[in-house]
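What follows is a short report on a single structure.
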């Protein structure tokens, strides 16, 4: 469904972040991306939805039999690609002065007409789908609350609802639980996993918590020294974690 071949990226100062990255993701897979800070995990996600232009390589999204080449696409093609790609951020990226349901409906803006988009005119069917998305993540009772009054875990669930209302083929999550306490992290990861499986959405999540990757992902990609050093089962051994994080990795600390 998603194919990445020979992807590479350097910073403007010449520092190599990604080198010859190759992998593919099937429908419904939940892939956790692990690695030390500064190894290019976030840049990799940004290359997958066109927010960052790689120096080389190719990214192809094939969700409905019509392959979309993300790398090198023009603006109109990128609009089509981003309609099929949901993005969840570490800092939620909500409009905090607006209500929960208004934030969720932002996920529909890419699929409605220009006039509707400018004036945020949504059909009753669209609004109903927004409420269903909130129900899916367990916060339908908060639909009319201002987003800024919610807890961090609740805000991230609003962000998930905003993404799934797009009906994406691909969901990208950049450290979705980095700012959450352990209980909220478990709630968010459980929702991400169940949505990925139930809706047959391919999900890639950058995580800094190896224990969550092992518990919730179906597969793990480990990035170290600009390359993928592990690509395999989430039932990962401590030795494989050391391959990703180095000899200082301590399983007992997780």
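The values are calculated or read from the model by the stated rules, or taken from the named source; none is laboratory data. Quick caveat, the model's predicted, so the values are computed rather than measured. Here the Cβ positions follow ideal geometry from the backbone for every residue, glycine too, while neighbour counts run over all protein chains shown.
Given the options 63, 24, 8, 76, name the one that is in the same structural domain as residue 199 (by TED's automatic domain parsing) and in a helix (DSSP H, G or I).
76
Exactly one of (1) assigned to a loop (DSSP other than H, G, I, E, B); (2) in contact (Cβ under 8 Å) with a residue 40 or more places away in the chain; (3) farther than 18 Å from residue 164 by Cβ is unmet by residue 18. Its number?
Among (1) assigned to a loop (DSSP other than H, G, I, E, B); (2) in contact (Cβ under 8 Å) with a residue 40 or more places away in the chain; (3) farther than 18 Å from residue 164 by Cβ, residue 18 violates only (1).
Taking into account only those residues within the range 128-172 that are out of contact with any helix residue (DSSP H, G or I) (no Cβ under 7 Å at 6 or more places or on another chain) and assigned to a helix (DSSP H, G or I), which is nearest to residue 221 (Cα to Cα)?
159
Checking residue 72 against (1) on the phi > 0 side of the Ramachandran plot; (2) modelled with pLDDT of 90 or more; (3) more than 20 Å from the chain's Cα centre (by Cα), only one condition comes out false. Which one?
So residue 72 meets the others, but not (2).
Please go through the range 1-42 and give me each residue that is over 18 Å from the mean Cα position of the chain (by Cα) and closer than 17 Å to residue 85 by Cβ, ordered by number.
7, the sole residue that qualifies.
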